[in-house]
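What follows is a single structure, written as structure tokens, with notes after it.
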Amino acid sequence: MTIDATAAPALGSHRGAGRGLRHPGRRRPGVLRRLKDHAVAYGLLFPAVAVFTVFFYVPAAYLVYISFFHWGVLSSATTFVGLENFRRLFAQPLFLHSLWTSAYYTLVMIPATVLLALGIALVLREAVTARRGGIWRSAVFLPHVTPVVATSIIWVWIFNPQFGLANFVLTSLHLPSVGWLGTTHWALPAVMIDTLWHSLGLYVIIFLAGLANVPRELVEVAQLDGAKRRRVFRRIIWPLLSPTTFFVVILATVNSWQAFSQIYTMTGGPHGGAGGPAFSTTTDALLVYQTAFVYDHFSLAAAMALVLFVIILLLTLVQKWISNRLVFYR
Amino acid sequence: MATIEMDGLVKRYGNDTVVDGVDLSVDDGELLVLLGPSGCGKTTTLRMVAGLEQITDGELRFDGVVVNHEPPDRRSVGMVFQNYALYPHMTVRGNLSFGLQSRRPRGSRRSARAEERDLVQEIARLLELEHVLDHRPKELSGGQRQRVALGRALVRRPQVFLLDEPLSNLDANLRERMRMELSRLHEQLPITTIYVTHDQSEALTLADRIVVMHEGRVRQVASPREIYDAPAEAFIAEFIGSPGMNLWTLPWIEKDRDDITLGDEIRLPRRPDPAIHRDGQPITLGIRPEHLEIAGEPDHTSIGLSCRVELVEDLGSHVLVHGTLGSHDGQRVVAKLDAASVVDRGARLRLRAAPERVHAFDALSGSRLGTFAGSARVAVTA
């Protein structure tokens, strides 16, 4: 059966006339033509794409690649070993220990970060007048812009068991002094205190921005409705702040799993003892570094980094899933 | 219900005085409208009544009891904000019941909760919100949001109801409908109400009494009719009405006892009220545009004011004629004429007004002197 082409518009609907039927001789522009049409846009995008490709996508792809090989920086031979690197990894007690240390570090850091940053932000918003607000906000944010390595060295002095400020404060309060970085029990909490001091400023600023977005009228209406301060916070401010809190939780999770510089500096990295004492501060990120650059097992380190990436990705997906139920977006 | 008394209320921010000695009293069940241009201090006054702003000076009393230092939650006040301020993360039911839950004592019995549910249901029925009780504010229309805001303020049965420009976010048609609904609601629930607006039509249609505010001070407190018919100041005369009253400042020229003219154009055939008399002084004359009419042939009471029609706006129900008084450059005249009037741009037009519709204000202070009622018909030729 043949269909007369000229009858097609009469048989078809309006839709057919607009989209389905093509005029003979009018063709879709080719790739070259489209490139030419959007040359300026592609040209402007190129530098950013090139930098990302060279310094991020290619190394990331190469990391995945070498995690399935036996590979060394100086050796020319690369041998495909399949999942052998991953098998060795999970057979290593130190790797499992480092995963636990990272998890412990993250589990403490997230609530501590959220509670302290939100608390400071609420105090700053309530107690500080607009004129002096800038000074206080700057004071809180300043530690975040200082170099981690430099401030971590200062914290090493603060945590010095003999003449450090931390123990001086404890003894002044009639509390027993602590060995801090020299003990397996207190080394990681000491690192956490340094990290909190260094990073809180950023989170406080984020929470302040979130609080500024909570309309003042809603708080006033709640007050007129008879709600006390705690109820106003719990029922009005906190739900409206949930997108900000979610963002802070994601950021704190990623930063905690990737924590490296402060641990390396505070636990004797420059002297070869990073992660101590007795691996009590050896997080996954630190172990990746040591495996690759101290013990020269690059393939194993690549497999570790890949596992770390998968963990962070899974955690982010879980948080995203939770956020869809708990976070309120206006 | 409650009575409200404001005794010299003052609000200052640093050296800036926003509300400057407001003396007012609101009767039990009355709907009082605070009217004035933006920045006149009406919203600040309302917020002081609500307890959302500290009172710098003066005294605020509810039912004779000073409440200056009472927090908002202890004043039994319901308030509707300009932007409704609905809790966006709660349903309509949540919004309506939040206040009841907040005031419920801990460990209250199940019967109290059932009572709350009934109250929410009742207010939802009154405001026709039953079918959207489980919706969130962003799923509602502007009118529905407005009704939720009203319901949330009313569900607690407050003694004082405060509304801060509640209709300003609605389109013209919806605003008119909601204005009628508010009027109906106040008849059903006669709560002492203070309503803030800069829209004179809202004020004139809703108020039992209107308070006109300007630069932080109360300028006139009167019924809508009185505010319209006998504005206390030239500012109020110009502010109320659409368009506002025509005001011209003209010299008072009195050649002899029976020959008094205002400027060169208006002759007063009879001596006016002594309160108006301003020999040798300028006087501000005011006539509402809707009280001007086209004059017929010149008669002995008509004195020509040579001027010209500059613009004619045909608005369907009426015609607005804009012109300039001839010998007084810059003094403009607007007349609201019958839709059938035929007026040409550039033409000369003779207008007149009944003497009782012609107001006189002191040219310096702007305060009202009276009308020309009793004198002969005043005619203006434009």
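The values are calculated or read from the model by the stated rules, or taken from the named source; none is laboratory data. Quantities reported herein were computed from a predicted structural model and do not represent experimental measurements. Ideal geometry is used to build each Cβ from the backbone, glycine not excepted, and the neighbour counts take in all protein chains shown.
Selection within segment B:114-146: residues that are hydrophobic (A, V, I, L, M, F, W, C) and in a helix (DSSP H, G or I). The member of this set that is surrounded by the fewest Cβ atoms within 10 Å (Cβ to Cβ) is B:A114.
So that you can scan it fast, the table gives a plain yes or no per residue for (1) crowded, with 17+ Cβ neighbours inside 10 Å; (2) among the β-branched types (V, I, T):
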| site | (1), (2) |
| --- | --- |
| A:S75 | no, no |
| A:L96 | no, no |
| A:T113 | yes, yes |
| A:L124 | yes, no |
| A:A127 | no, no |
| A:A139 | no, no |
| A:L142 | no, no |
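Restricting A:L308, A:L315 to those that are surrounded by 11 or more Cβ atoms within 10 Å (Cβ to Cβ), touching an Asp or Glu at 6+ places or on another chain (Cβ under 6 Å) and more than 14 Å from every other protein chain (Cβ to nearest Cβ) reduces the list to A:L308.
Looking at segment B:151-245, the strands (runs of 3 or more DSSP E) lying wholly inside it that each contain 2 or more residues that are of a type in the set (D, E, K, R) sit at B:217-222. Would you say B:L46 is in contact with a Gly (Cβ under 8 Å, 6 or more places away or on another chain), part of a helix (DSSP H, G or I), surrounded by 18 or more Cβ atoms within 10 Å (Cβ to Cβ) and at pLDDT 95 or above? Here the answer is no, as B:L46 does not meet what is asked. When we screen B:S111, B:S97 for residues that are closer than 23 Å to A:I237 by Cα, out of contact with any strand residue (DSSP E or B) (no Cβ under 9 Å at 6 or more places or on another chain), more than 9 Å from chain A (Cβ to nearest Cβ) and outside any loop (DSSP other than H, G, I, E, B), the only hit is B:S97. For segment B:78-88, filtered to residues that are surrounded by 18 or more Cβ atoms within 10 Å (Cβ to Cβ) and at the interface with another protein chain (Cβ under 8 Å from one of its Cβ atoms), the residue that is farthest from A:R216 (Cα to Cα) is B:G78.
On inspection, B:L126 passes the criterion of being within 35 Å of the chain's Cα centre (by Cα), within 19 Å of B:R157 (Cα to Cα) and away from chain A (no Cβ under 14 Å).
Before we move on, is B:G51 without any contact (Cβ under 8 Å) to a residue 40 or more places away in the chain and more than 30 Å from the chain's Cα centre (by Cα)? The answer is no for B:G51. Across segment A:229-257, the qualifying residues are those that are of a type in the set (D, E, K, R) and touching a helix residue (DSSP H, G or I) at 6+ places or on another chain (Cβ under 8 Å), and the one among them that is surrounded by the most Cβ atoms within 10 Å (Cβ to Cβ) is A:R235. The number of residues in segment A:185-224 that are of a type in the set (D, E, K, R) and more than 14 Å from chain B (Cβ to nearest Cβ) comes to 1.
Residues in segment A:158-188 that are in a helix (DSSP H, G or I), touching a helix residue (DSSP H, G or I) at 6+ places or on another chain (Cβ under 8 Å) and of a type outside the set (G, A, S): A:I158, A:L165, A:N167, A:W180, A:L181, A:L188.
The single condition among (1) within 14 Å of another protein chain (Cβ to nearest Cβ); (2) part of a helix (DSSP H, G or I) that A:A227 does not meet is (2). One residue stands out among those in segment B:324-357 that are at pLDDT 85 or above, of a type in the set (A, V, I, L, M) and part of a strand (DSSP E or B): the one that is nearest to B:T261 (Cα to Cα), which is B:V333.
Within segment B:29-77, if we keep just the residues that are closer than 30 Å to B:R225 by Cβ and of a type in the set (S, T, Y), the residue that is farthest from the other protein chains (Cβ to nearest Cβ) turns out to be B:S38.
Among the residues making up segment B:294-323, those that are modelled with pLDDT of 85 or more and either outside the structural domain of B:L247 (by TED's automatic domain parsing) or not in a loop (DSSP other than H, G, I, E, B) (or both) are B:V309, B:E310, B:L311, B:V312, B:E313, B:D314, B:H318, B:V319, B:L320, B:V321, B:H322, B:G323. Right, B:L9: assigned to a strand (DSSP E or B), buried (at least 18 other Cβ atoms within 10 Å of the Cβ) and in the same structural domain as B:T205 (by TED's automatic domain parsing) or not? Taking the combined requirement at face value, the residue satisfies it. Taking residues in segment A:55-68 that are within 17 Å of A:V288 (Cβ to Cβ), and partners anywhere that are loosely packed, with under 11 Cβ neighbours inside 10 Å, the pairs with Cβ atoms closer than 7 Å and at least 6 places apart or on different chains are A:F68/A:F80; A:F68/A:G82. Looking across B:Q101, B:Q144, one residue alone is within 31 Å of the chain's Cα centre (by Cα) and modelled with pLDDT under 95. It is B:Q144.
Go through the residues of segment A:137-151 one by one and say whether even a single one is assigned by TED's automatic domain parsing to the domain that holds A:A112 and part of a loop (DSSP other than H, G, I, E, B).
Checking segment A:137-151: at least one residue is assigned by TED's automatic domain parsing to the domain that holds A:A112 and part of a loop (DSSP other than H, G, I, E, B).
Taking the listed residues B:P243, B:P166, the one that is of a type outside the set (F, W, Y), modelled with pLDDT of 90 or more and outside the structural domain of B:V22 (by TED's automatic domain parsing) is B:P243, with no other qualifying.
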